[in-house]
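Derivation of every value follows stated rules applied to the coordinates shown; laboratory data play no part. Please read all numbers here as calculations on a predicted model, not as lab measurements. Glycine gets a Cβ as well: all are built from the backbone with ideal geometry, and neighbour counts include every protein chain shown.
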Amino acid sequence: MSVILRTNHLTKRYGHRTVLSDLSMTIYEGDIYGLIGKNGAGKTTLIRMAAGLASPSDGSILLFGKPDLLQGRKEIGTVIESPALYPGMTARENLITQCKLQDADPAQIESILSLVGLGDTGAKKAKHFSLGMRQRLAIAVSLIGNPRLLLLDEPTNGLDPEGIREIRNLILKLNKERHITVLISSHILGELSKLATRYGILHHGVLLEEFTENELWERCSKAEDHDMDLEEYFLQKIGGN
């Protein structure tokens, strides 16, 4: 099984504050890797370093099994924090602009819009989109260039149940039909459990453990014997603080 992303003893400090500490994790080809942690756990910092938006203080990152991060990042798509969209443009115009900025083939635009469910938005500008539509447009932008890895930082945050379902189904489709490996962060284990195949629990910058989908359900089955749901299990794991 090919390794898509590996971090080795990755550490990030801002002054005297350590945000990530000695973090070693592995994401394999085909994974939907759910990075679960409370707000402030270091999830966004980890994703920013993988994307090249922040530099490690210590440790290293391998992309697609190689240390050449500049080349590897050409095969990554990202949605981090606020989507980088042009609100006065339509969905199609946003993708046309991004293709020009990335010197990418615009022939892919129609298929991407159809894939994310925005093919019929016509002249409607992004500023009039719902939050869920804007998130799907941000993912559409991240798909330009046919990435092998998607980094999604809390993509369902703030969405209503329908928007969450749309994003979840889109991620599953990208993984199964386009064979894109996904790293997705969230503070809600119950939501990640509906799509992730592997997990890592991040707490105060420390990766507590990694486990598979099957291992999660085995643990939760035991937790249910004590009337504990997924979120209670997660809080117990991180000490509830």
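Data for the structure
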| quantity | calculated |
| --- | --- |
| Rel. contact order, % - alpha carbon contacts under 8 angstrom, at least six apart, the chain | 26 |
| Alpha-carbon gyration tensor eigenvalues x 5, square-rooted, for the range 40-169, Å | 26, 18, 12 |
| The chain - Rg and Dmax from Cα coordinates, angstrom | 18.1, 56 |
| Between 0 and 90°, nearest 10: helix 91-102 axis offset from the chain longest Cα axis | 80 |
| Sum of -39500 (n - 2.57) over DSSP H runs of 4+, divided by residues of the chain (222 nm, nearest 500) | -10000 deg cm²/dmol |
| Cα-centre dipole for the chain with unit charges at Cβ (Lys and Arg positive, Asp and Glu negative), debye to 20 | 880 |
| Cβ-based charge dipole, the chain, positive-most Cα from Val79, Ala123, Leu192 | Ala123 |
